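Read the structure below first, then the notes.
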C-alpha cells in the first residue's frame, strides 16, 4: 500500500489506508470540525461505516443534507448546490485505479462536480473492492457492478415508498468523470481493506 500512497500523492491526492471500517470512521471523524459547512454525495459506503449517522448527529456544523426525509425536491436541489461550495464534501467513488485516478458516474452530477471543483476539501471513502487496474476497468466496473446494484437499490426504495421504479442504466449514470489529479491537500481518500458499497 505504500507504493499506492506514493502514486496517489504524485496526483495530488492523500491516500489513507486502513484495515477496517471502524478505523475508517475514526479517521473520517477527525476531518469534521465545529462550524464547518458540509455537503454529501450519495454513498452506501459512507452509510456503512457509520459516517452518515455521525455527521447528521453533529449539532455544531452546517450540514446540507439532501437525504433528509420529508424535504421537497426544490429543497433537495438547493442543498445539493450548497454542498458544492461547502468546507468539506463527503462521498464515495465508483472506482479508483492503481495508477492514481478516480472514475465515477453520477445521475444528477453533484457528486462528480464536487470531486472536480467547488468544496474546499473532499473526503472520499472507498472499500478495497473499488480498486481496479486502470481507467478502462473503472468504467467496466461502473457498467457491470456499481450501476446494476444501484439501480436495484434505488428501485426498491421507490417501491417501498409506493412509487413507480424508474431507474435504469440510461438515467442513473448520465454524467461521467475521470479525475487524474487534484490540487495538493484538497482531496483525501480513505481506502478500507474491506468490501464496502457498490
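The criterion of being over 21 Å from residue 35 (Cβ atoms) and outside any helix (DSSP H, G or I) does not hold for residue 90. Counting the residues of segment 165-180 that are at pLDDT 80 or above and out of contact with any helix residue (DSSP H, G or I) (no Cβ under 8 Å at 6 or more places or on another chain) gives 2. Among the numbered conditions (1) out of contact with any helix residue (DSSP H, G or I) (no Cβ under 7 Å at 6 or more places or on another chain); (2) crowded, with 23+ Cβ neighbours inside 10 Å; (3) more than 14 Å from residue 43 (Cα to Cα), the only one that residue 134 does not meet is (2). The strands (runs of 3 or more DSSP E) falling completely within segment 1-83 that include 2 or more residues that are surrounded by fewer than 19 Cβ atoms within 10 Å (Cβ to Cβ) map to 14-18.
Take the residues of segment 188-198 that are in a loop (DSSP other than H, G, I, E, B) and on the phi < 0 side of the Ramachandran plot: which is modelled with the lowest pLDDT?
Selected residue: 198.
Taking residue 162 as the residue in question, decide whether it is at positive phi, under 16 Å from the mean Cα position of the chain (by Cα) and at pLDDT below 95. Even if it seems obvious, please write down each step before you answer.
Numbers: at positive phi: yes; under 16 Å from the mean Cα position of the chain (by Cα): no; at pLDDT below 95: yes.
For residue 162, the condition - at positive phi, under 16 Å from the mean Cα position of the chain (by Cα) and at pLDDT below 95 - is not met.
Against the numbered list (1) at pLDDT 95 or above; (2) touching a helix residue (DSSP H, G or I) at 6+ places or on another chain (Cβ under 6 Å), residue 41 comes up short only at (1). Summed over segment 44-79, the residues that are closer than 28 Å to residue 195 by Cβ and touching a helix residue (DSSP H, G or I) at 6+ places or on another chain (Cβ under 7 Å) give a count of 10.
The values are calculated or read from the model by the stated rules, or taken from the named source; none is laboratory data. Predicted model only: the values in this text are computed from it and were never measured. Cβ: placed from backbone, ideal geometry, glycine included. Neighbour counts: every protein chain shown.
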